[in-house]
Amino acid sequence: MRAPSLLRLTATILAICVLAACGRNAREDAPFMGESFDADETYSRTYALPPAQVCSAARLALLGQGYAVGKANDDAVEATKNFQPEDEVHTQLSVRVSCVPRGNDGSLLFVSALLDRYVLRKSSNSASVGVGGIGSLSLPIGSREDSLVRTASSTVQDTGFYRRFFERVGYYVPAPSSRDRKPSPLEMRQEDPPPADLRHGGDATSPVGGSPAR
């Protein structure tokens, strides 16, 4: 084989290897590929009570923090809370709770929170006016329409947020050793801070979904 042909073949093989490595790194860097499914308790807790009582405690914990409960039954609770960190930025935090039987009298409580970020978009209205010999002209009519456009959506990763949620549930479902414990007036009045994800939200500007009703 001639030397130039060998060099071209070697260069082609190296290029293929580089492209394959880049593709592998891109797949490894994808967010969903980083899920390790470690055995931690960030999103779940075990309680020695039936699911209906555990979900009822979760509903009370969310109501006590100003969440609007949209769904509540014996095995699931869904609630939302709105924030406005900036003048033209609206953030909605949606919490989903599931209560699953475990054993004879126990339950597993799972919780996850979804953070949606919206920005205010303004657009001018216009009207078409017929003009003889010319056709129609679009003229502004002096009004503006404001709408919220979703620009980001992500699952809350703040472990402190979930820890505080389970602590609040514990006010209504205490451990068996302290079943008679009642929250103090200060604990009842104290409001939990929002998750860290809300304070460090992205500034994405491209819409990723629809806008909520205003």
Go through R102, R59, R163 and list them by solvent-accessible area, largest first, probe radius 1.4 Å.
-> R102, R163, R59
Amide N proximity, segment 49-65 versus N104 label position 7 Å along Cα-to-Cβ, cut-off under 17 Å = 49-51
Fully extended contour minus Cα-Cα distance, from N73 to T159, at 0.36 nm per residue = 28.4 nm
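The values are calculated or read from the model by the stated rules, or taken from the named source; none is laboratory data. Note that the coordinates shown come from a computational prediction; the quantities given were computed from them, not determined experimentally. In this analysis, Cβ positions are derived from the backbone assuming ideal geometry, glycine residues included, and neighbour counts consider all displayed protein chains. Keep in mind that these areas ignore ligands, DNA and RNA; they rest on the heavy atoms of the full protein, side chains included. Shrake-Rupley method; radii C 1.70, N 1.55, O 1.52, S 1.80 Å.
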